[in-house]
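The values are calculated or read from the model by the stated rules, or taken from the named source; none is laboratory data. Keep in mind the model is a prediction, meaning the values are calculated, not measured. Glycine also receives a Cβ, built like all others from the backbone with ideal geometry; neighbour counts cover every protein chain displayed. Side chains are part of the model used for accessible areas, which takes the heavy atoms of the whole protein and leaves out ligands, DNA and RNA. Shrake-Rupley method; radii C 1.70, N 1.55, O 1.52, S 1.80 Å.
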Amino acid sequence: MDSDAQALVARARACLERAYAPYSHFQVAAAVRDEQGRVFTGVNVENISYGLSMCAERVAIFAAVAAGARRITAVAVTSSGAELLSPCGACRQVIAEFAGEDAPVYCEAGGEVRVWSVSELLPSGFAASQLRRE
């Protein structure tokens, strides 16, 4: 893993303690890099009405979009768990909206990192190109 990837994982890890997970006690943090090299972080935010909770990956991406980003070039995700995780289906679709198929997604736990491309995480994903415009 190159130094840029290590730095992105470190940024995610640094904000992990800010996750709001009073129900699951499973903290997740993410960091995303945009096309300008800026890094945005996010943490999972739970709600007693579970459907209103938000995943760390989407929080980070939405913060990037709010700051003007339109392209995500890399994603890093970490958690308080001992096992590696990967983004949920909803997060995979949001990542695919803003990142290219080859963009790396680094998932870290306990110092171990696995990397996937967006297309590996969401093969045959739904894309804007599939909308018919007549």
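A dipole drawn for the chain from +1 and -1 charges on Cβ atoms has a positive end, and of Val39, Leu131, Ala5 the residue lying farthest that way is Leu131. As a fraction of the 1.4 Å probe accessible area of the chain, surface on carbon and sulfur atoms comes out at 51 percent. Based on DSSP, what percent of beta bridges with both residues in the range 4-127 are antiparallel, to the nearest 5? For the range 4-127, the DSSP antiparallel bridge percentage is about 75. Computed from backbone phi with θ = phi - 60° and the Karplus coefficients 6.51, -1.76 and 1.60, the 3J(HN,Hα) list for the range 95-101 is 4, 4, 5, 10, 10, x, 4 Hz; x is used for glycine and proline.
Database remark: amide H of Arg71 closer than 5 angstrom to the amide H of Glu35 (H placed geometrically; neighbours at sequence offset of 5 or more, or on other chains; Pro and chain starts carry no H).
Hydrodynamic analysis of the range 20-63 uses the Kirkwood radius over alpha carbon pairs. Inserted into Stokes-Einstein at 10 °C and 1.306 mPa s, it gives a translational diffusion coefficient of 147 µm²/s.
What nm value, rounded to one decimal, do you get for the distance between Glu101 and Gln6 when each label is placed 7 Å out toward the C-beta? The modelled label-to-label distance comes out at 3.2 nm.
What you get for the chain, charging only the Cβ of Lys and Arg (+1) and of Asp and Glu (-1), is a dipole of about 360 debye around the Cα centre. Just tell me the longest site-free run in the chain, where the sites are chymotrypsin sites (Phe, Trp or Tyr not before Pro) in a DSSP loop having at most 11 other beta-carbon atoms within 10 Å. Result, exposed sites excluded: 24-125. Comparing Cα centroids, the range 12-58 and the range 80-107 end up 12 angstrom apart. Considering only the Cα atoms of the range 1-115, their convex hull presents on average a projected area of 6.7 nm².
Of all stretches in the chain that contain no trypsin sites (Lys or Arg not before Pro) in a DSSP loop with at most 13 other Cβ atoms within 10 Å, the longest one is 72-131. Each of Tyr23 and Glu120 was given a label point 7 Å from its Cα along the Cα-to-Cβ line. The distance between the two points is 3.2 nm.
Considering only Ala76, Ala29, Ala103, the mean-square fluctuation computed in a Gaussian network model of the chain, springs between alpha carbons under 10 angstrom, is largest for Ala103. Once divided by 2.2 N^0.38 Å, the Cα radius of gyration of the range 63-134 becomes 1.22.
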